[in-house]
Structure formats: C-alpha cells, structure tokens
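The values are calculated or read from the model by the stated rules, or taken from the named source; none is laboratory data. Predicted model, so just to flag it, every value in this text is computed and none were measured. Methodologically, a virtual Cβ is constructed for each residue, glycine included, from the backbone with ideal geometry; neighbour enumeration extends over all protein chains shown.
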Amino acid sequence: MRGEDSGWLSCPQARFPNRVRYFCFALLTLPISALANDAVSERLNRAVDFLEARFKSDAKDFIAANRLVDALLRRSRWTGRLDDLRRASEVAEASLKAASADFNSGGLVAKAQCAMAQHRFDETRNLARQVEALMPGKPLPLQLLGDASMEIGDLDEAAKAFDQLAELTGSSVGTEARSARLAWMHGKLEEWHEHLDQALALARQTGDPETLTWALVQRGESAFRCGDFTNAEKHYEEALKLAPAYWSALEHMAELRGAQGSDDEAAAMFTKAAEQTDRPEIWQALGDLHLFKRRDAEAKSAHDRALAGYQASIDRGETLYVHHLAGFYSDSQENAQEAVKWARRDLEMRKCASAWDTLAWALSKSGDFAGALEVARKAIATGLADPHVLQHAGLIFLSSGEVPEGQRLLKRCAEINPHFTGFHIHR
C-alpha cells in the first residue's frame, strides 16, 4: 500500500455557516451510479470548483480552504493526478496564513495530510504531534502519527498509535487497513490477509465507491504478492467493474496480466493508466514490462518518459519519487552510482525495511557486496515477508558467500509466492 493511497484519511468536519455547509454537504453526497468513475469524478469536480471559487473570493476563509484541501486530496487519489496534490499543499499553507494553528487545527491537519501524501514522513510525524496537542483524544492525529511512524520504520510507535486509534473508533476500514499493513511489515501474512478481508467487508457496508474500489485493489494486491493470481484477478475485476477507468485498478491488473503472460493486454492497460495520470512510476512499469520481454526500444521510450517525470518532480523540490529513482537506476536504466545516491537519500527520510532493501540492492549493483550484505540484514530484520525484498536479500547473501542463508531466503520467497521470478512491480 503506497503512502499516497491512504484513501480513508479525511480532514475533520470543520464548521461552515449553515447555507455553505448545506451546499457542500449536498455536493459531496450526490447519488452514485454502479459505474462509479464518472459520477465520483463529477462529484469531486463540483466540490473542488465550488470551494476554489469560495476560497478565491475570500482568502481569509480558512474553513473553505481546509475543505478544499480535502476535496483536492480525494480527487488526486481517485484520478491519480498529482497536480491536485501540489495545489492542496499550496492551499494548506494559505489556510495557516489566514489563521494560525491555535485557531485553525484543521489547517494543521490539512498540511500534515499533504506532507504524508508527498512522502515527507518526518514532517508529517512532527505535525501530527502538534495536532495531537491541539486535539487530544481525537482520531486524526493518531492516524497521521501512526501512518508516518510506520513509513519511517518506527513500528513500535505506529502500533501504539493504532492501538489508541482502535480504542477510540473501534473497527473501521481505516483501522483494519492500518493493522493489515503493520502485520505485513512484521511478516505476519495470515493477519495481513485477515485484516484486509475485514477492511473490505466494512468497505462494502459504506456504500462509498471510493472506499470500496480502494479496498478491492488492496486485497487484490495482497493476493498477488502471495502468488494467488485467481483471487487477485477476482478483486481487480470487481474494482474495474465498479470504476472502469480507476487508475490504480488498471495498473494493478496490468501487473497481473504481465505476470500471467498476457503481454499485449498488460501493455495496453499500463499505457492507459500512464496516459490518464502521467505518473512516472506507471511509465516505468510499462518500460519494465517491455524490458522483461526484451523489447528494448519500447522499454527505452517508456523509461525516458518516467525519468523525465521523476526529474521534474525533483526539480520542484519534491521527495515523492526519491525511492523510485533508486529502483529505477538499479533495474530499469542501470546506473549503480545514481542508484546508491538516491537510495541513501531515501534512507535519510525513513528507516523502514523497503528503504534498507533499496540501498542493499543498489550497493550490490555497485559491486559493494560487503556493504550490501550488512544493509540486507537490516532489511529483513523486522520479519518483512515481501518476496521482492527476500529475493534481493537471498541473492546478496549468495553473492557474499553466505550460501545456506541465501538458499533459506530464496526458499522462503518461493514458499510465499511460487511466481516470484515472474514479472512484478516493486511498489
């Protein structure tokens, strides 16, 4: 589950004047058809347009600004477009200029949510603690604190925050999904699936297509990572039936089709998702599919699009794609020096297993097997049972002469996912 996919988060319900509050509520609760994509997009577009107009007419209306941030973040998650994320960050800053955090806790929440979506995890955690001081005993700061701590690699703090959250709210899509990710990071696969099953069951009860399609994709991804292509396909197909153009379902189904050997269908779906969103990681996935099938010219074309997108993000001062750049230079367009540089920057921002794995793999590509071995030990120390990470660690151990441990890791990898050597994306 990516940080920017945290679809259960939303800004607190700040108070509007009665007429404004009623109109916004009406915009955000329009009936939704079975084919959700257009209806949800229309609903979100109306909300964004209304709130943009209101905020532009009164730059001191911080309540409208906070609602606008929420609508922009929701639309970004639904469409995959990142320009809404950048706009949300601008509006969150403007909200806090209009009214300080002491009188505008919603603005502080909005800023924290934007930071989380942009993978500024330390900043998110610091902001969450400030929000907690202003809103003691409320769920939102605990959500933000736990989410950021988990990505940073502080799993103990994340677990503490999520336990407190569950005591406050009981079981919900958000609490179950967070418990699932924490279980995944500790390698507790059965718990991972159980929590995602519960999250999906609760999502069905909400009647909200945004929540349901997101939960279906998460459950499909968990099945895919364990080599259960049948259940992965079932969940992805249901998500696409609900929302045929939902970008995340398209790219996940494309990954599955690539693993199944349906290359043309996979390439078509990746292309559709990439053109729809212009997200560089999807262009990279398309290039990786072509590279996996040894279509070098097509791979280079897609990878060049990905690299241009990554570089544009870096030039804007963003940190969203630092992790992706390390993987890109390790595997897509190999450049060991660049891979190590970006992997070290990734590790500066977070100390989770995924970041340790990325650095270990980059060091192995550079020929530093001693350094790679030391870092790979840290990658698997939490018990993470990601076949991608286990495969990297197994190969690094073998290359370093630690054959029994390398063989054990690769065996474990095959036990979790018998298809681990097939096509997949490093998410």
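Could you please give the count of residues in region 66-85 that are assigned to a helix (DSSP H, G or I), more than 12 Å from Ala47 (Cβ to Cβ) and touching a residue at least 40 places away in the same chain (Cβ under 8 Å)? The total comes to 5. Look through region 187-211, keep the residues that are assigned to a helix (DSSP H, G or I) and among the acidic types (Asp, Glu), and return whichever of them is farthest from Arg412 (Cα to Cα). My answer is Glu210. Residues in region 94-118 that are in a loop (DSSP other than H, G, I, E, B) and crowded, with 21+ Cβ neighbours inside 10 Å: 2 in all. Determine whether region 128-148 contains at least one residue that is in contact (Cβ under 8 Å) with a residue 60 or more places away in the chain and of a type in the set (Asp, Glu). Yes, that holds for at least one residue.
Within region 345-378, if we keep just the residues that are surrounded by 19 or more Cβ atoms within 10 Å (Cβ to Cβ) and acidic (Asp, Glu), the residue that is nearest to Ile152 (Cα to Cα) turns out to be Asp346.
Looking across region 159-176, just one residue is more than 24 Å from Leu216 (Cα to Cα) and either assigned to a loop (DSSP other than H, G, I, E, B) or touching a residue at least 24 places away in the same chain (Cβ under 8 Å) (or both), and that is Leu168. Every listed requirement among (1) over 24 Å from Asp156 (Cα atoms); (2) part of a helix (DSSP H, G or I); (3) polar (S, T, N, Q) is met by Thr319 save one, (2). Taking the residues in region 232-265 that are among the aliphatic types (A, V, I, L, M), touching a Ser or Thr at 6+ places or on another chain (Cβ under 6 Å) and in a helix (DSSP H, G or I) as candidates, determine which candidate is farthest from Asp197 (Cα to Cα). In this case the residue turns out to be Leu242.
A quick yes/no check of all residues on (1) of a type in the set (Ser, Thr, Tyr); (2) modelled with pLDDT under 95; (3) out of contact with any Lys or Arg (no Cβ under 6 Å at 6 or more places or on another chain); (4) within 26 Å of Asp84 (Cβ to Cβ):
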| site | (1), (2), (3), (4) |
| --- | --- |
| Arg125 | no, no, yes, yes |
| Ala148 | no, no, no, yes |
| Phe162 | no, no, no, no |
| Gly174 | no, no, yes, yes |
| Ser179 | yes, no, yes, no |
| Lys188 | no, no, yes, no |
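The lone criterion from (1) β-branched (Val, Ile, Thr); (2) closer than 25 Å to Pro139 by Cα; (3) touching a Phe, Trp or Tyr at 6+ places or on another chain (Cβ under 8 Å) left unmet by Thr79 is number (2).
For Trp342, indicate whether it is buried (at least 24 other Cβ atoms within 10 Å of the Cβ) and touching a His at 6+ places or on another chain (Cβ under 6 Å). No, not satisfied. Here is the figure for region 296-337: residues that are within 20 Å of Phe423 (Cα to Cα), acidic (Asp, Glu) and surrounded by 15 or more Cβ atoms within 10 Å (Cβ to Cβ) total 2. Exactly one residue out of Trp214, Trp184 is assigned to a helix (DSSP H, G or I), within 19 Å of the chain's Cα centre (by Cα) and farther than 26 Å from Trp356 by Cα: that is Trp214. Based on what the data block shows, is Leu286 touching a helix residue (DSSP H, G or I) at 6+ places or on another chain (Cβ under 7 Å), not basic (Lys, Arg) and not in a helix (DSSP H, G or I)? So Leu286 does not fit the description; no. For region 370-427, the candidate set comprises residues that are closer than 24 Å to Phe229 by Cβ and among the basic types (Lys, Arg); within that set, the residue that is farthest from the chain's Cα centre (by Cα) is Lys411. Output the qualifying pairs, or none if there are none: Cβ atoms under 6 angstrom, residues six or more apart or on different chains, first residue in region 233-244 and closer than 15 Å to Trp78 by Cα, second residue hydrophobic (A, V, I, L, M, F, W, C). Between residues of region 233-244 that are closer than 15 Å to Trp78 by Cα and residues that are hydrophobic (A, V, I, L, M, F, W, C), the close pairs are Ala239/Leu216; Ala239/Val217; Ala239/Ala249; Leu240/Ala249; Leu242/Ala36; Ala243/Ala36. Checking every residue in region 366-377 against the condition of being in contact (Cβ under 8 Å) with a residue 40 or more places away in the chain and either closer than 26 Å to Lys293 by Cα or not hydrophobic (A, V, I, L, M, F, W, C) (or both) gives zero matches. Scanning region 144-158 for residues that are outside any loop (DSSP other than H, G, I, E, B) and surrounded by fewer than 22 Cβ atoms within 10 Å (Cβ to Cβ) turns up Ile152, Leu155, Asp156, Glu157. No other residue among Phe121, Phe62, Phe55 is closer than 30 Å to Ala353 by Cβ and crowded, with 22+ Cβ neighbours inside 10 Å apart from Phe121. Scanning region 260-278 for residues that are in contact with a Leu (Cβ under 7 Å, 6 or more places away or on another chain) and either on the phi > 0 side of the Ramachandran plot or crowded, with 22+ Cβ neighbours inside 10 Å (or both) returns Ala266, Met269, Phe270, Ala273, Ala274.
Yes or no, residue by residue, for (1) closer than 30 Å to Asp357 by Cα; (2) touching a Cys at 6+ places or on another chain (Cβ under 8 Å); (3) among the aromatic types (Phe, Trp, Tyr):
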| residue | (1), (2), (3) |
| --- | --- |
| Leu96 | no, no, no |
| Ala115 | yes, no, no |
| Ala128 | yes, no, no |
| Ala148 | yes, no, no |
| Ile152 | yes, yes, no |
